[in-house]
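Notes follow once the structure below has been shown.
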Amino acid sequence: MSDSDPPFFPPTPNPLLSYPFSSLLSTSTPSPNPSSNYDLHVSFQGKRKRTGVRRKAPIVSTLQSNPPLPPISLPPTPLPPPPISQTAHPFKTPLEKPNIPSDISEEIIVINREATNEALIALTAGFPADSLTEEEIEANVISSIGGIEQVNYILIRNHILSRWRENVSNWLTKEFLASVIPDHCEVLLNSAYNFLVSHGYVNFGVAPAIKEKIPAEPTKPSIIIIGAGLAGLAAARQLMCFGFKVVVLEGRKRSGGRVYTKRMEGGSKFAAADLGGSVLTGTLGNPLGIIGKQLGSSLHKVRDKCPLYRPDGKPVNPDVDIKVENAFNRLLEKTSRLRQTMGEVAVDVSLGASLEAFRQVYGDAVTDEEMNLFNWHLANLEYANAGLLSKLSLAFWDQDDPYDMGGDHCFLPGGNGRFVQALAENVPILYEKTVHTIRYGVDGVQVIAGGQVYEGNMALCTVSLGVLKNGSIKFVPELPQRKLDGIRRLGFGLLNKVAMLFPYVFWRTDIDTFGHLSEDPSRRGEFFLFYSYATVAGGPLLIALVAGEAAHNFESMPPMDAVSKVLQILRGIFEPQGIDVPDPLQSVCTRWGTDSFSLGSYSHVAVGASGDDYDILAESVGDGRLFFAGEATTRRYPATMHGAFLSGLREAANMARHANARSLNIEVERSLSKNTQSCAALLEDLFREPDLEFGSFSINFGGKTSDPKSTAILRVALGAIKKKSNSEGTRADQQHSNKLLFHQLQSHYNQQQQLHVYTLLSQQQALELREVRGGDEMRLHYLSEKLGVKLVGRKGLGPAADAAIASIKAERGNRRPQ
């Protein structure tokens, strides 16, 4: 560890774990950033958003029931960062470090007897139950990490969150909370309250009590927001509440961006059709669910009964349905194990390639119906990601799953345009202002739309990833290469819809979805799923989805042809049942791919990308002058409406922090990033002379070599792994055929150079690994199946390897002759 690195503090035992809710915590502690630095995670179980529509196969459900709480990955208590300036809050003197009294009580406070329930509420809001978030650490909410002060802060934080969630239509005041917080914790109360309010975790939304807090006249610098989607509107309202002068430039004639509710009419019927974002994916902690409560609306749960129909219109055989869904889930699980085995190589492999390879290896003889049904599941997966499976990263396509909101998937009665309308109220929005140039520098920003120039202190860009990829906006100076590369790597896919208003409801009213199979694999996503909005839209509305390759072809399909195909499908399903299918009163076909203000639907992690790229897109440029928000800037909640909304709140806090720092002439320090080139060189140097070497495996021991529990660093040269020779065993065991697939995929992607992946083991495990017979393939199997360890890229080792590397480096230095 160099002199420039932050000092290492031994982790302090966390007294919070003695609370009853500690039993709710997982015994494992996954990385808080599952995709960070190629740390590949494994399980596909319990998936929600990323598997498209949630359905139950007939008779026997093959999906797990909804857990009462979302599967939250709890990060370990982080080490303290280098000293940085206190995050500014609009409700207290900015950049002022909390002055914690030295005689503060060394006892854990008792606020009430609801510590467990309040911890659960905090979990749903995205806060770990027993540690601080990165945001809180950067904001210096406490004077030191770990210990009683942190425990008491967390208890107060959780209590504040819980009290506001009891009535989200009220403005929660600090004075209201002070009566139950001990006097000696006043500083912690101030710190927690100011953090939660300034970062938009409490006291946000559209309730009258909250709108009243927007000052009549702005007192802070001007901010220009490009785009009036959910991200732009959320940021605008928050910044206006902070006292900033805000103007929003929107290219369309309406607000909402990719959230668009169109009123459809015909005869005496009408309905509100969500042509863009439609489903709230999870309600536990979802900020849009809170907005819905403030609007006085009850959300409608999307029921998971989803019958499927064959191409000829007949229902799918229930036994076949269950069989194929189980087989599909097993293939997903096999691909998850494959990516664990492949390590960093999986970054350059598509999910589609691995699924197809496994299907060929493990698939039994299948009927046409089974194959069509399997393709339906693939289409559903492409719908969830708005991307072709051939484009999705095997390594990171589902990197956001640990942060799933949990809870039901829901519709908002009347359409999500109600969110947009409420958020846009009294926000200064200039419509039909197509921005083509953004200039930024130390003195501020200039945003040019048409022939008009808008000047401000800062700007927030919320345009879609599709627009950024297209280069529709010129940035002066050009964006940093790091951000340009992130924009290029991330994927931006397509989903289209056909919305139809009928004279009456002719479909079943006890379901919200039903599916249709296709005989043509290239058209598997064409009208593969129907959503019934009859219970929430105000009229007999049915929407057909078009996903995958079919979504791209749909862009050039004449609307009349599209509607005719949909009606042919519907009549094939219902007329054999004696049900007439009328012509629709009105139909609308979306074209999100050619819409110049979106150029696609939502983002996904493409081959070669990772969750890190979402963070890169979120980075501000120009020394805190130009900021970015939108669903493609949040690694936790990409491709969701709530992700876009939360990113707007996030950037409002960041902009306020930079503005307050400038007003005090204080530089906002950035967290120091690791010198990856130096890290790579150090590891390469250490493994020039490993302590142990066998096959493609190299091991260096840290600490006392006589201690079997001491840490060892294992490196595997993946490019060097060869198929095992006859001398190493000839048994073609079916359980190891995924290793053969590993080689096939490696050669398919032309891996010409050795790729090194790493993991941490105990010395005893390393010695056991050496004794495994059967060559490198069997050793990989032993690592994965017996030891249950992950192989990660050098970046994925993270701080856990620092001590071992330092120990090895020191010992090597002692070996050198004096």
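The values are calculated or read from the model by the stated rules, or taken from the named source; none is laboratory data. If you're wondering where the values come from, they're calculated on a predicted model, not measured in any experiment. Glycine also receives a Cβ, built like all others from the backbone with ideal geometry; neighbour counts cover every protein chain displayed. These accessible areas exclude ligands, DNA and RNA; they are computed on the full protein's heavy atoms, side chains included. Shrake-Rupley method; radii C 1.70, N 1.55, O 1.52, S 1.80 Å.
Count of segment 109-145 residues, restricted to those that are among the hydroxyl-bearing types (S, T, Y), under 23 Å from N286 (Cβ atoms) and either modelled with pLDDT of 90 or more or in a loop (DSSP other than H, G, I, E, B) (or both), is 2. All of T462, T509, T513 fail the test of being among the hydroxyl-bearing types (S, T, Y) and within 24 Å of the chain's Cα centre (by Cα), apart from T462. Pairing residues of segment 538-566 that are under 26 Å from F411 (Cα atoms) and open to solvent by less than 10 Å² (accessible area, probe 1.4 Å) with residues that are small (G, A, S) and part of a helix (DSSP H, G or I), at Cβ distances under 7 Å and at least 6 apart in sequence or on separate chains, gives A547/A379; G548/A379; F554/A562.
One line per residue, one yes/no per condition, for (1) out of contact with any Lys or Arg (no Cβ under 9 Å at 6 or more places or on another chain); (2) open to solvent by 60 Å² or more (accessible area, probe 1.4 Å):
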| site | (1), (2) |
| --- | --- |
| I429 | yes, no |
| L501 | no, no |
| F506 | yes, no |
| T509 | yes, yes |
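Summed over segment 442-467, residues that are over 13 Å from G229 (Cβ atoms), assigned to a loop (DSSP other than H, G, I, E, B), of a type in the set (G, A, S) and in contact with a Gly (Cβ under 7 Å, 6 or more places away or on another chain) total 0.
Are any of the residues in segment 492-503 in contact (Cβ under 8 Å) with a residue 40 or more places away in the chain, part of a loop (DSSP other than H, G, I, E, B) and more than 30 Å from L617 (Cβ to Cβ)? Give the steps one after another, and end with the answer.
At the first step, the residues of segment 492-503 found to be in contact (Cβ under 8 Å) with a residue 40 or more places away in the chain are 492-503.
With part of a loop (DSSP other than H, G, I, E, B) added as a condition, the list becomes 493-495, 502-503.
Then drop every residue that is not more than 30 Å from L617 (Cβ to Cβ), which leaves 502-503.
The answer is yes; a qualifying residue exists.
Only residues in segment 567-586 that are over 11 Å from F506 (Cβ atoms) count as the first member; pair them with residues that are open to solvent by 20 Å² or more (accessible area, probe 1.4 Å) and of a type in the set (D, E, K, R), Cβ under 7 angstrom, at least 6 apart or cross-chain, and list the lot. Going by the 7 Å Cβ cut-off, the qualifying pairs are G572/D312; L585/K269; Q586/E265. Can you find even one residue in segment 592-599 that is touching a residue at least 40 places away in the same chain (Cβ under 8 Å), surrounded by 19 or more Cβ atoms within 10 Å (Cβ to Cβ) and not small (G, A, S)? Yes, because at least one residue in segment 592-599 is touching a residue at least 40 places away in the same chain (Cβ under 8 Å), surrounded by 19 or more Cβ atoms within 10 Å (Cβ to Cβ) and not small (G, A, S).
Only one entry in L308, L295 is more than 23 Å from D595 (Cβ to Cβ), out of contact with any Ser or Thr (no Cβ under 9 Å at 6 or more places or on another chain) and surrounded by 22 or more Cβ atoms within 10 Å (Cβ to Cβ), namely L308. Evaluation of N190 against the conditions (1) more than 27 Å from L460 (Cα to Cα); (2) within 26 Å of the chain's Cα centre (by Cα) shows that the sole unmet condition is (2). Taking the criterion of being crowded, with 19+ Cβ neighbours inside 10 Å and of a type in the set (D, E), the residues of segment 313-347 that qualify are D321, E325, E344. Among the residues of segment 359-405, which ones are at pLDDT 95 or above and among the basic types (K, R)? Within segment 359-405, just K391 meets the criteria. Considering each of H377, H409 in turn, give the residue that is out of contact with any Ser or Thr (no Cβ under 7 Å at 6 or more places or on another chain), farther than 24 Å from L465 by Cα and not aromatic (F, W, Y). The conditions single out H377.
Within segment 602-612, at least one residue is more than 17 Å from L484 (Cα to Cα), open to solvent by 20 Å² or more (accessible area, probe 1.4 Å) and touching a residue at least 24 places away in the same chain (Cβ under 8 Å).
Within segment 373-413, the set of residues being open to solvent by 20 Å² or more (accessible area, probe 1.4 Å), in contact (Cβ under 8 Å) with a residue 60 or more places away in the chain and more than 17 Å from the chain's Cα centre (by Cα) comprises L388, K391, D408, P413.
Set side by side, the residues N190, N170 differ, and just one is open to solvent by 10 Å² or more (accessible area, probe 1.4 Å) and not in a loop (DSSP other than H, G, I, E, B), which is N190. A search for C-beta distances below 8 Å between a residue of segment 207-221 that is over 19 Å from G456 (Cβ atoms) and any residue that is open to solvent by 90 Å² or more (accessible area, probe 1.4 Å), counting only pairs 6+ apart in sequence or on different chains, returns K211/N426. Inspect all residues belonging to segment 277-290 and state whether any of them is over 25 Å from I210 (Cβ atoms) and touching a strand residue (DSSP E or B) at 6+ places or on another chain (Cβ under 9 Å). Yes - at least one qualifying residue is present in segment 277-290.
Scanning segment 311-323 for residues that are under 34 Å from the mean Cα position of the chain (by Cα) and under 16 Å from L529 (Cβ atoms) yields V316, D321.
Every residue, every condition in (1) at pLDDT 95 or above; (2) out of contact with any helix residue (DSSP H, G or I) (no Cβ under 9 Å at 6 or more places or on another chain); (3) among the aromatic types (F, W, Y); (4) not in a loop (DSSP other than H, G, I, E, B), yes or no:
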position: G200; (1), (2), (3), (4): yes, no, no, no
position: F204; (1), (2), (3), (4): yes, no, yes, no
position: P221; (1), (2), (3), (4): yes, no, no, yes
position: A235; (1), (2), (3), (4): yes, no, no, yes
position: L239; (1), (2), (3), (4): yes, no, no, yes
position: V248; (1), (2), (3), (4): yes, no, no, yes
position: R263; (1), (2), (3), (4): yes, no, no, yes
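For Y614, the test of being among the hydroxyl-bearing types (S, T, Y), in contact with a Lys or Arg (Cβ under 7 Å, 6 or more places away or on another chain) and closer than 30 Å to A125 by Cα is passed.
Having 2 or more residues that are out of contact with any helix residue (DSSP H, G or I) (no Cβ under 9 Å at 6 or more places or on another chain), modelled with pLDDT under 65 and over 28 Å from Q360 (Cα atoms) is the bar; report the strands (runs of 3 or more DSSP E) wholly within segment 679-789 that clear it.
Working: elements: 692-694, 697-701, 711-717, 756-762.
Passing ranges: none, list empty.
Counting just the residues of segment 614-634 that are in contact with a Ser or Thr (Cβ under 7 Å, 6 or more places away or on another chain) and in a loop (DSSP other than H, G, I, E, B), which one comes out surrounded by the most Cβ atoms within 10 Å (Cβ to Cβ)? This residue is A629.
From the list G282, G267, the one residue that fits, being on the phi > 0 side of the Ramachandran plot and more than 27 Å from the chain's Cα centre (by Cα), is G267.
Kindly indicate which of R263, R252 is free of Cβ contacts under 8 Å to residues at least 12 places away in the same chain and either open to solvent by 10 Å² or more (accessible area, probe 1.4 Å) or under 19 Å from L649 (Cα atoms) (or both). Full working, then the answer.
On the way: R252 fails: free of Cβ contacts under 8 Å to residues at least 12 places away in the same chain.
Only one candidate qualifies: R263.
With respect to the stated conditions, M641 fails to be touching a helix residue (DSSP H, G or I) at 6+ places or on another chain (Cβ under 9 Å) and open to solvent by less than 10 Å² (accessible area, probe 1.4 Å). Looking only at residues of segment 451-480 that are within 19 Å of F597 (Cβ to Cβ) and in contact with a His (Cβ under 8 Å, 6 or more places away or on another chain), we find that the one that is most open to solvent (accessible area, probe 1.4 Å) is K474.
With respect to E134, is the statement that it is within 30 Å of the chain's Cα centre (by Cα) and either open to solvent by 10 Å² or more (accessible area, probe 1.4 Å) or not small (G, A, S) (or both) true?
When the stated conditions are applied, E134 passes them.
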